[in-house]
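Engineer: Let me begin by handing over the structure; questions about it come next.
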Amino acid sequence: MPEKPILTGSILVLRPMRSADAPQMFASLADQDCKRLTGTQNAYTFEEVEAFCKKVEAADDRADYAITLKSDPESVYIGEVVLNHIDEVNRSASFRIALAAADHFGKGYGTEATRLILAYGFEQLNLHRIELEVYDFNPRAQHVYEKLGFVKEGVRRDVLWWDGCYHSAITMSILRDEYFTFNRR
């Protein structure tokens with residue numbers, strides 16, 4: 001995979017994740033809204049988060065980006081957006097995003113970060129398919145994904161036990177030609 005470039009939008013800058021992001025990522029793992037939306041049930045130590053950040057900083061088989069505000073891309077970490085499970089033979093990848101705190105919701109950050117990473121995946125990495133899973137209790141995210149061209153493929157039933165009941169995961173994807181057709185509108 002080529003060197004991970006900085007991706008700049010109108011309100012955000014996505015920069016490659018680095019080990020210095022560990023404190024903010026660790027803090028985000030304590031946010032109950034963020035944990036629920038990502039289905040994060042494990043508790044992580046700071047040392048585990050720091051080791052993860054170091055690992056992804058050096059990884060050449062995935063693209064982990066810190067979501068930062070354009071006004072201060074070096075210090076304001078507001079989440080992460082990732083293309084992982086990159087399969088160069090089949091030209092596919094999985095996508096995930098997590099904003100670091102609920103006060104970042106509803107400001108367009110998730111939409112712009114997703115647009116930027118899709119452009120990177122399709123226009124620079126030459127991917128054919130990008131897929132994701134979103135839990136059934138997150139219609140706001142489902143709406144954003146549909147707005148950006150993702151298509152619902154199916155449902156993985158009862159995959160997450162949360163707050164005393166099971167929840168399903170909705171599988172969605174966007175293909176290269178759909179991305180380019182959708183982004184010519």
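Laboratory data are not the source of any read-out in this text; all were calculated from the coordinates shown. Predicted model only: the values in this text are computed from it and were never measured. With ideal geometry, Cβ positions are generated from the backbone for all residues, glycine too; neighbour counts draw on all protein chains shown.
Engineer: Can you give me the Cα centroid spacing of segment 80-112 and segment 135-185 in angstrom?
Structural biologist: Computed from Cα coordinates, the inter-centre distance equals 12 Å.
Engineer: Please identify every one of the GluC sites (Glu not before Pro) in segment 111-185 that sits in a loop by DSSP and has no more than 14 other beta carbons within 10 Å of its own beta carbon.
Structural biologist: none
Engineer: Determine the gain in length on full extension of the stretch residue 155-residue 183; use 0.36 nm per residue of separation and subtract their C-alpha separation, reporting nm with one decimal.
Structural biologist: Numbers: separation 28, 0.36 × 28 = 10.08 nm, distance 2.62 nm.
The residue 155-residue 183 span can extend by a further 7.5 nm.
Engineer: Relative contact order of segment 14-116: what whole-number percent is it, with Cα pairs under 8 angstrom and at least 6 residues apart? Mind dumping the intermediate values first?
Structural biologist: Values: 158 pairs, mean separation 29.9, N = 103.
With pairs under 8 Å counted, the relative contact order is 29 percent.
Engineer: Would you mind classifying the chain by shape? Square roots of the alpha carbon gyration tensor eigenvalues, ordered a ≥ b ≥ c; an a/c under 1.5 is rounded, otherwise it is prolate if a/b is larger than b/c and oblate if not. Could you put the intermediate results ahead of the total?
Structural biologist: On the way: a/c = 1.40, a/b = 1.05, b/c = 1.34.
Note, shape of the chain comes out rounded.
Engineer: Before anything else, pin down the relative contact order of the chain: Cα pairs under 8 Å, at least 6 apart, normalised by residue count, whole percent.
Structural biologist: Details: 326 pairs, mean separation 34.7, N = 185.
For the chain, the relative contact order is 19 percent.
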